[in-house]
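The values are calculated or read from the model by the stated rules, or taken from the named source; none is laboratory data. What you see is a predicted model; the values in this text were computed from it and never measured. Note that we place each Cβ from the backbone using ideal geometry, even for glycine, and neighbour counts take in every protein chain shown.
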Amino acid sequence: MMDVSGFTYQSMFDFSPKEFQSFIAENREHIIESFPVTLRSCENLAKTKTYFKQAKKLEAAGKWKYFVIVGHNNPEILGFFVVKEISAKIKRGELAYFVDRNFSGKGIISKIAPKIIAYVFEELGLNKILICTSSKNMASQKIALKNNFKREGILRQEFLNYFGNLEDINYYGLLKSDYHSHEK
């Protein structure tokens, strides 16, 4: 568990599938375009339990790490952060995140992201982190730039959203060497 200015991130598995499914259901409209796999995987409790089982296997294999964000005075889930597609061979992973619709725009991801980034480089030993975000998601692009990620390109019609529409994706990357040079 990590303390960050009133917010903490901890393992998703500290919560039950029921609590996580409720969080996803409450945020359905908020995340519908950007988290279609998570949304479909958590449509009901049975699916969420399966999602948790698969997530535990991916985490045990070192391929994904799942976190939730909570407040110090609020034991409920306020956000979701995942390090996904971790490659041990090339030491790379991708960040994906969102915050509860009721806490959107309050700077929670801005406060948590630097700590997750430090964790990825220092604890997971990765060399590169990606943030891949819809060209329409300006808030996520700001998070990337604020944390010294470099825009590496745009992949056109790369992401299939919940509604079956293809979207352009902006790729941002941060190398461990660049991260350390900004830390000094």
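Return a yes/no flag: does segment 156-172 have any residue that is among the basic types (Lys, Arg) and in contact with a helix residue (DSSP H, G or I) (Cβ under 6 Å, 6 or more places away or on another chain). Checking segment 156-172: not a single residue is among the basic types (Lys, Arg) and in contact with a helix residue (DSSP H, G or I) (Cβ under 6 Å, 6 or more places away or on another chain). For segment 34-41, the condition of being surrounded by 14 or more Cβ atoms within 10 Å (Cβ to Cβ), in contact (Cβ under 8 Å) with a residue 12 or more places away in the chain, out of contact with any helix residue (DSSP H, G or I) (no Cβ under 6 Å at 6 or more places or on another chain) and farther than 19 Å from Ser140 by Cβ holds for none of the residues.
Taking each residue of segment 93-110 that is free of Cβ contacts under 8 Å to residues at least 40 places away in the same chain and looking for partners that are among the aromatic types (Phe, Trp, Tyr) and outside any strand (DSSP E or B) with beta-carbon atoms closer than 7 Å, six or more apart or interchain, yields nothing. The residues of segment 147-163 that are in contact with a Pro (Cβ under 9 Å, 6 or more places away or on another chain) and either of a type in the set (D, E, K, R) or farther than 17 Å from Leu95 by Cβ (or both), listed by number, are Leu160, Asn161, Tyr162, Phe163.
Can Lys106 be described as within 20 Å of Ile86 (Cα to Cα) and either out of contact with any Phe, Trp or Tyr (no Cβ under 9 Å at 6 or more places or on another chain) or of a type in the set (Lys, Arg) (or both)? So Lys106 does not fit the description; no. Selection of segment 31-58 for residues being within 17 Å of Gly164 (Cα to Cα) and either in contact with a Lys or Arg (Cβ under 6 Å, 6 or more places away or on another chain) or not acidic (Asp, Glu) (or both) yields Ile31, Ile32, Ser34, Phe35, Pro36, Val37, Thr38, Leu39, Arg40, Ser41. Hey, does segment 68-76 have a residue that's closer than 22 Å to Tyr162 by Cα and surrounded by fewer than 19 Cβ atoms within 10 Å (Cβ to Cβ)? Looking for residues that are closer than 22 Å to Tyr162 by Cα and surrounded by fewer than 19 Cβ atoms within 10 Å (Cβ to Cβ), one finds none in segment 68-76, hence no. Picking from residues in segment 61-108 that are within 23 Å of Glu19 (Cα to Cα) and of a type in the set (Ser, Thr, Tyr), the one that is farthest from the chain's Cα centre (by Cα) is Ser104. The lone criterion from (1) within 25 Å of Glu158 (Cβ to Cβ); (2) surrounded by 14 or more Cβ atoms within 10 Å (Cβ to Cβ) left unmet by Pro17 is number (1). Residues that are hydrophobic (A, V, I, L, M, F, W, C), at pLDDT 95 or above and buried (at least 18 other Cβ atoms within 10 Å of the Cβ) number at least 1 in the following strands (runs of 3 or more DSSP E) confined to segment 89-167: 92-99, 128-134. Of all residues in segment 52-75, those that are among the aromatic types (Phe, Trp, Tyr) have Cβ atoms under 9 Å from Cβ atoms of residues that are part of a loop (DSSP other than H, G, I, E, B), 6 or more apart or on another chain, in Phe52/Ser16. Are any of the residues in segment 41-52 more than 21 Å from Ile24 (Cβ to Cβ) and either outside any strand (DSSP E or B) or hydroxyl-bearing (Ser, Thr, Tyr) (or both)? There is no residue in segment 41-52 that is more than 21 Å from Ile24 (Cβ to Cβ) and either outside any strand (DSSP E or B) or hydroxyl-bearing (Ser, Thr, Tyr) (or both).
Within segment 168-184, the residues that satisfy the criterion of being of a type in the set (Asp, Glu) and assigned to a helix (DSSP H, G or I) are Asp178, Glu183.
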